[in-house]
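Q: Quick one: this structure, given as structure tokens, is what I'll be asking you about.
Read-outs throughout are calculated quantities, based only on the coordinates presented, and are distinct from any laboratory measurement. This one's a predicted model, so the numbers in the text were calculated from it and none came from an experiment. Here Cβ is always computed from backbone atoms with ideal geometry, including for glycine, and neighbour counts include all displayed protein chains.
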């Protein structure tokens, strides 16, 4: 276990690493492996760093590459493993996608790692990560950033997006998803467009339609959540506009017995991009704190 002094030293080291940039880390130090899920679908995982395993599950658009800029911020404390969800990046695909399979994919990656594992899930990746905690006992702590859990119906938006994709307007389909379901601001959409991962998000938007429908079929079971003892950090942005995401955080606070909450002031659904240092420091503090709390 960490003593208080040892924990302080860890945070001091993290500050030094941030100050000197990426001198202690390079992308060449990562490796990509394929992990078979329960149904045999291969799930791609890219790992780098030193320490306990820390699995990151990306959200609705893009793939594991959107987390690569944060590897240097975590790699001095953890072996960071960013996975491609089913049908994304270098992972395999299946025609019968559902959230149970998404959870099984996360559990397979977790079970492939030595010892106990930390898990972070963003958006729909947070739903998969949360449900994976009921499939494996190897998850020691969870971090959930605005998972869309509540009963909802976005079929009209999914149908609109399908029509756009059929006519070749994939970028507008992505923008429609971000505007009408995630409800991110025009400013944040422009910031996302400036990222190198934007083209990949546009290319993979067809997968998003089936995930919207899978989320529409998902039922949040509060009684089930009461049984989850895994220490869980809930993350949200003060400027998040989506009522779905706000209800989900509120419900998790009501039902999860061992949770803490951090609100990123001035941020929306993508604080890992727009406030990456604060994001990484918040997550690292929670994962290293032997009390399992952030305060």
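Q: Share of antiparallel DSSP beta bridges in the chain, in percent to the nearest 5? Could the numbers behind the result be given before it?
A: Numbers: 11 of 38 bridges.
If we restrict to bridges inside the chain, about 30 percent are antiparallel.
Q: I would also like to ask the following. Considering Cα pairs under 8 angstrom that are at least six residues apart, work out the relative contact order of the chain and quote it in whole percent.
A: Values: 555 pairs, mean separation 48.7, N = 295.
This gives 17 percent for the chain.
Q: What ranking of 67, 198 emerges when the number of other C-beta atoms within 10 Å of each C-beta is taken as an exposure proxy, fewest first? Don't skip to the end; give the middle numbers.
A: Working: 67 23, 198 18.
Ascending Cβ contact count within 10 Å gives the list 198, 67.
Q: Taking only Cα atoms, what is the 0 to 90° angle, nearest 10, from helix 205-217's long axis to the longest principal axis of the chain?
A: Compared with the principal axis, the helix lies near 90 degrees.
Q: Separate question: Any idea how far apart residue 187 and residue 167 come out in nm if each label point goes 7 Å out from Cα toward Cβ?
A: Reported label-point gap for residue 187 and residue 167 is 3.1 nm.
Q: Additional query: Can you bin segment 159-295 into rounded, prolate or oblate? Criterion: square roots of the alpha carbon gyration tensor eigenvalues sorted a ≥ b ≥ c, rounded for a/c under 1.5, prolate for a/b above b/c, oblate for the rest. The partial results should precede the final answer.
A: Details: a/c = 2.47, a/b = 1.52, b/c = 1.63.
In terms of gyration-tensor shape, oblate.
Q: I need the Debye-formula profile for segment 29-104: one equal scatterer per C-alpha, no solvent, reported as log10 I(q)/I(0) at q = 0.13 1/Å, two decimals.
A: -0.37
Q: Classify segment 231-293 as rounded, prolate or oblate, taking a ≥ b ≥ c as the square roots of the eigenvalues of its Cα gyration tensor: rounded when a/c is under 1.5, otherwise prolate if a/b is larger than b/c and oblate if not. Let's see the in-between values first.
A: Numbers: a/c = 3.07, a/b = 1.07, b/c = 2.87.
Verdict is oblate for segment 231-293.
Q: Taking the Cα atoms only, what angle lies between the long axis of helix 276-288 and the longest principal axis of the chain, rounded to 10 degrees?
A: 60
Q: How big is the gap, in Å, between the Cα center of segment 233-276 and the Cα center of segment 94-112?
A: Result: 24 Å between the Cα centres.
Q: Rule-of-thumb check for the chain: C-alpha Rg over 2.2 N^0.38 Å?
A: Details: Rg = 18.1 Å, N = 295, 2.2 N^0.38 = 19.1 Å.
After normalising by residue count via 2.2 N^0.38 Å, the value is 0.95.
Q: Give me 165, 249 ranked fewest to most by other Cβ atoms within 10 Å of their Cβ, as a rough exposure proxy.
A: Details: 165 17, 249 22.
Listed from fewest to most nearby Cβ atoms, that is 165, 249.
Q: Ok, one more. Can you sort 136, 167, 33 by how many other beta carbons sit within 10 Å, fewest first?
A: 167, 33, 136
Q: If you don't mind, another one. Relative to the longest principal Cα axis of the chain, at what angle does helix 4-20 sit, 0 to 90 degrees, rounded to 10?
A: 60
Q: I've got another one for you. Please state the relative contact order of segment 147-288 as a whole percent: Cα pairs under 8 Å, 6+ residues apart? List each step's numbers first, then the result.
A: Details: 160 pairs, mean separation 39.9, N = 142.
Computed over segment 147-288, the figure is 28 percent.
Q: Moving on. log10 I(q)/I(0), Debye, Cα-only segment 119-216, no solvent, q = 0.17 Å⁻¹?
A: Treating every Cα as an identical point scatterer, log10 I(q)/I(0) equals -0.83.
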